[in-house]
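Trainee: I'd like to ask you about the structure that follows.
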Amino acid sequence: MAKQLPTRAEDYAQWYVDLVKKADLAENSDVRGCMVIKPYGYAIWEKMQQALDKMFKDTGHVNAYFPLFVPKSMFEAEEKNAEGFAKECAVVTHYRLKNDPSRPGKLMVDPDAKLEEELVVRPTSEAIIWSTYKKWIQSYRDLPILINQWANVVRWEMRTRLFLRTAEFLWQEGHTAHATRQEAETETLRILDVYADFAENFMALPVIKGKKSDGEKFPGAVDTYCIEGLMQDGKALQCGTTHFLGQNFAEAFDVKFTAKDGKLDYVWGTSWGVSTRLIGGLIMAHADDDGLILPPKLAPIHVVIVPIFRSEEELTRISSAIEPVIVLLRAAGLSVKYDNRDTQKPGFKFAQYEMQGVPVRIAVGPRDLDNGTLEVARRDTKEKKVIPVDGAVQAIEQMLDEIQKNLYARALKFREDNTTKVDTYEEFKRVLDGEAGFVLAHWDGTAATEAKIKEETKATIRCIPLVSVAEDGSCIYSGKPSAGRVLFARAY
RNA sequence: CGGGGUGUAGCGUAGCCCGGUAUCGCGUCUGGUUUGGGACCAGAAGGUCGUCAGUUCGAAUCUGGCCACCCCGACCA
C-alpha cells in the first residue's frame, strides 16, 4: 500500500495537499500562509483536544488563557527566546484606521495612532505567562503552578503547508512553575510520556522519545525533549516537544519564591506543546491512495450507514429497519452518520467516506432486509463482509478495536522496516537517498559535526533516544568516539 | 531577500508568440432515465481575462508599473 504512494518528495507533498483538500479538512485562505480549517478537519482537532485535555487534567493540570499580544519589552526579556523567534514575529504597530483622503471609500493606517510600544503577536506564550507568574508567586506554598492553555499562535513562516506549517496555528501550550529542579525535570518527562501515550494509543502512531541536541533545542530551554514519528515517505515529523526551562525564564522575569528554609530562589519552569500539525501527521502516517484512514479513537464519525434504495418506499423500509441499530450503536458511545441523501448514488458515498477515512461503513439494501444482514466494510484493510443484524453492534465495536490496533501495528512495522543502523558516512548518505526513514548512527556530540551533516545531507538529529543500548562506536562524520547512536532523518 | 514561474467562471485549464469580447473538463441548475462501487442523455446559467496606465480603430493577447500567489534557495526551536 505504502508503495503506491508517491515517493519523490515533491510528489508526496502534492499528494498530501490534494488529500487534505479532497478529504475536506482544510484549505488555504486568502490570507498569506494561513489556513481555513473546515468542519471535518476541526472535528478531528476537537477529538484530539478532548483526549489530551483529559490526560492533562488527569495529571493535575488546569486550563487558563493569556493575552494574544505581548509588549515588545516583555517579549525581549528572555534574550535567547526572543532572538530565536524574532525573525518570524508579526508585530502590531497601530491601533486605528481612518478614511484615506486620497482614495475615497478606502482606509489607511492612521499615523496618529502609532502605539508607544509595539505589540508582538505571540509566537509562543512564555514571556506573557512568566511575567504573570511573577505576580502570582511569592512562596513555595504558591507552587507548583500547572497550567495549560488552548490557543492560537502566529509564526511568520516563509513557506507554509496545510497543517504542517502555517502562519497561524492552533495548539495547546503548558507552562508550569516548580520549587525544585527535580520536580520540573520530572514534569518535563511526565508530559513527554503523556504525548507518547497520546500518539501511540490515539493516533496509532509509534514515536521515539528523545532529547534534542543543543542545536535543535527550544530557545531559552535547558533541555528539549520530543516525540518523533515516521511518515510514509520516510521523513520524520516532530509531533510534540517538552522543555525543561531551568531557571531561565524565572531569572528573565524575576520570578522568585521563598522556600521552606526561608531562602529566596528562582522558580523552575517547564513548557510543552502540541499543535494542529498532529493532524498532518495523522494523515501522512496512515493515509493510502483512497484517502484518509482515521484511527477510530480520533475519527469524528466511527460508522457511516449508506442505504441502498431505488424508491422512496424502499428508503422508508430501510430507514425503519436500520433505526434500532443506529440507536444501539449510539448507546454504545459510537458516532454514527446515516447518509440517506437521495442526491448522491451509493458508489459516490462510498468513495467520499473512504476519502474521509471513516473507519467502518455499513451498506444496507433490500437484499439485507430480506436476509436480516448488513454489509460491513472496514477502511484500513478494505475488507467487506456480510453479518447478521443480531449482534452487529458487538461485531462493529470489535472491528473498531481491531482497526485501532491494526493501524498501530502497521505503522510500527513500517517504522521498524525503515529504521537503519549505519556505521559509515557513505552508507548514511545512501540510505537517506534510498529508502530514507530513520537512521541510527554514531555522532561525536559536537554542534559542528551536526551542522556539517545537516548542510551536506539535509538530515538532522531528530533526537538522542531516551531508550537506547549503550554502544561504543565512532562518529560517522568525524570518526571521533561516541557512546551511543542518535536518531537522524530528513524531517518536515 | 536572491533565482524561476503563474494570474482567464466555484475549481482546473486552452487561447497569448502572430491583437478582432474567450476553449475544454469538473462542479452548479432544469428535465428525463438511473441507483449493491465515484451514473447517463438533453438543455441552461455562470467571465471587470489580477490591477493600473500606455500603444491601437480595436487588447486576455503588445509595452511599463503595481499587487497576489506558486516553485527552487535562504528560513522553519
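Trainee: Of all residues in the range A:337-385, how many are closer than 23 Å to A:ALA287 by Cβ, within 8 Å of RNA strand B (Cβ to nearest atom) and among the hydrophobic types (A, V, I, L, M, F, W, C)?
Mentor: Summing the residues that are closer than 23 Å to A:ALA287 by Cβ, within 8 Å of RNA strand B (Cβ to nearest atom) and among the hydrophobic types (A, V, I, L, M, F, W, C) in the range A:337-385 gives 6.
Trainee: Cβ-Cβ under 8 Å, sequence separation 6+ or interchain: first residue in the range A:315-332 and within 12 Å of A:ILE305 (Cα to Cα), partner outside any helix (DSSP H, G or I) and among the hydroxyl-bearing types (Ser, Thr, Tyr). Which pairs?
Mentor: Short answer, once both residue conditions are applied: A:SER319/A:TYR338; A:ILE322/A:TYR338; A:ILE326/A:TYR338.
Trainee: Before we move on, is A:ILE326 over 34 Å from the mean Cα position of the chain (by Cα), aliphatic (A, V, I, L, M) and farther than 22 Å from A:GLY41 by Cα?
Mentor: Against the criterion (over 34 Å from the mean Cα position of the chain (by Cα), aliphatic (A, V, I, L, M) and farther than 22 Å from A:GLY41 by Cα), A:ILE326 does not qualify.
Trainee: Those residues that are surrounded by 20 or more Cβ atoms within 10 Å (Cβ to Cβ) and in contact with a strand residue (DSSP E or B) (Cβ under 8 Å, 6 or more places away or on another chain), I need them from the range A:128-143; list them, please.
Mentor: Result: A:ILE128, A:ILE129, A:TRP130, A:TYR133, A:ILE137, A:LEU143.
Trainee: Looking only at the range A:101-137, which residues are over 15 Å from A:PHE69 (Cα atoms) and assigned to a strand (DSSP E or B)?
Mentor: Answer for the range A:101-137, where residues must be over 15 Å from A:PHE69 (Cα atoms) and assigned to a strand (DSSP E or B): A:LEU107, A:MET108, A:VAL109, A:LYS114.
Trainee: List every residue pair whose Cβ atoms lie under 6 Å apart, where the two residues are 6 or more positions apart in sequence or sit on different chains, the first residue falls within the range A:302-313 and is more than 9 Å from RNA strand B (Cβ to nearest atom), and the second residue, located anywhere, is hydroxyl-bearing (Ser, Thr, Tyr).
Mentor: These pairs meet every condition: A:HIS302/A:SER335; A:VAL304/A:TYR353; A:ILE305/A:TYR338.
Trainee: Condition first: loosely packed, with under 12 Cβ neighbours inside 10 Å, touching a residue at least 40 places away in the same chain (Cβ under 8 Å) and touching a Leu at 6+ places or on another chain (Cβ under 9 Å). Can you find one or more residues in the range A:58-71 that meet it?
Mentor: yes
Trainee: What strands (runs of 3 or more DSSP E), lying completely within the range A:138-250, carry at least 3 residues that are more than 14 Å from RNA strand B (Cβ to nearest atom) and in contact (Cβ under 8 Å) with a residue 24 or more places away in the chain?
Mentor: Here the list reads A:145-154, A:168-178.
Trainee: In the set A:VAL121, A:VAL153, A:VAL109, A:VAL92, which member is touching a Pro at 6+ places or on another chain (Cβ under 6 Å) and either at pLDDT 95 or above or hydrophobic (A, V, I, L, M, F, W, C) (or both)?
Mentor: From the options A:VAL121, A:VAL153, A:VAL109, A:VAL92, the qualifying one is A:VAL153.
Trainee: I've got another one for you. Which one of these is crowded, with 19+ Cβ neighbours inside 10 Å, farther than 29 Å from A:LYS260 by Cβ and in contact with a Pro (Cβ under 9 Å, 6 or more places away or on another chain): A:ALA204, A:ALA184, A:ALA236?
Mentor: Exactly one of A:ALA204, A:ALA184, A:ALA236 is crowded, with 19+ Cβ neighbours inside 10 Å, farther than 29 Å from A:LYS260 by Cβ and in contact with a Pro (Cβ under 9 Å, 6 or more places away or on another chain), namely A:ALA204.
Trainee: Let me ask you something else. Tell me whether the range A:239-251 contains one or more residues that are under 17 Å from the mean Cα position of the chain (by Cα), closer than 21 Å to A:TRP171 by Cβ and of a type in the set (A, V, I, L, M, F, W, C).
Mentor: yes
Trainee: Is the range A:35-49 home to any residue that is within 16 Å of RNA strand B (Cβ to nearest atom) and on the phi > 0 side of the Ramachandran plot?
Mentor: Within the range A:35-49 (the criterion being within 16 Å of RNA strand B (Cβ to nearest atom) and on the phi > 0 side of the Ramachandran plot), the answer is no, since none of the residues qualifies.
Trainee: Residues that are within 21 Å of A:ASP290 (Cβ to Cβ), polar (S, T, N, Q) and modelled with pLDDT of 95 or more: which strands (runs of 3 or more DSSP E) entirely in the range A:326-415 hold 1 or more of them?
Mentor: none
Trainee: Oh, and also: Testing A:MET158 on (1) aliphatic (A, V, I, L, M); (2) surrounded by fewer than 18 Cβ atoms within 10 Å (Cβ to Cβ); (3) under 27 Å from A:ARG415 (Cα atoms), one condition comes back false. Which one is that?
Mentor: Exception for A:MET158: condition (3).
Trainee: Further question on the same structure: Enumerate the helices (runs of 4 or more DSSP H) found wholly within the range A:1-100, keeping only those where 3 or more residues are farther than 30 Å from A:GLU251 by Cα.
Mentor: Counting at least 3 such residues, we get A:9-22, A:39-58.
Trainee: Where the second residue is at pLDDT below 95 and outside any loop (DSSP other than H, G, I, E, B) and the first is surrounded by fewer than 21 Cβ atoms within 10 Å (Cβ to Cβ) and among the basic types (Lys, Arg) and lies in the range A:114-127, which pairs have Cβ atoms under 7 Å and are six or more apart or on separate chains?
Mentor: Final answer for the pair search is A:LYS114/A:THR93; A:LYS114/A:HIS94.
Trainee: Now, a different point. Scan A:LEU162, A:LEU192, A:LEU205 and give me the residue that is at pLDDT below 95 and over 28 Å from A:LEU264 (Cα atoms).
Mentor: From the options A:LEU162, A:LEU192, A:LEU205, the qualifying one is A:LEU162.
The values are calculated or read from the model by the stated rules, or taken from the named source; none is laboratory data. From a predicted model like this one, the values you see are computed outputs, not experimental measurements. Every residue, glycine as well, gets a Cβ built from its backbone with ideal geometry; the counts of neighbours run over all protein chains shown.
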